[in-house]
Amino acid sequence: MKYLPLLLIILISGCSSQQVGNFILGGVFDKATKTEVSHNAASCVNVKRNCSNGNYEEWYQKDGNKSCACNK
């Protein structure tokens, strides 16, 4: 609930690029759900290494960039 005002501000003001929006909303999502997400293929190595007790997943975005997540 404490992240709701921040989320509303972001949605109302809009973001100039999808990457900025993904970064900001991803950070809020990560903290709220205890999920580590990366939209950068180079960072997925670290996410996978830190995901010993979680469910690691990889996928490709529409633009062809690799993304990954660790759901703890």
**OP:** Grab the beta carbon distance between N71 and A41, set R0 = 25 Å, and tell me the FRET efficiency rounded to 0.05.
**Re:** 0.85
Original post:
Amide H neighbours of N40 under 5 Å, counting only residues 5+ apart in sequence or on other chains, H built in-plane at 1.01 Å?
Top reply: C68
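Read the figures in this text as sums done on the coordinates, not as results from a lab. All values reported here derive from a predicted model rather than from experimental measurement. Virtual Cβ from ideal backbone geometry, glycine too; neighbours counted across all protein chains shown.
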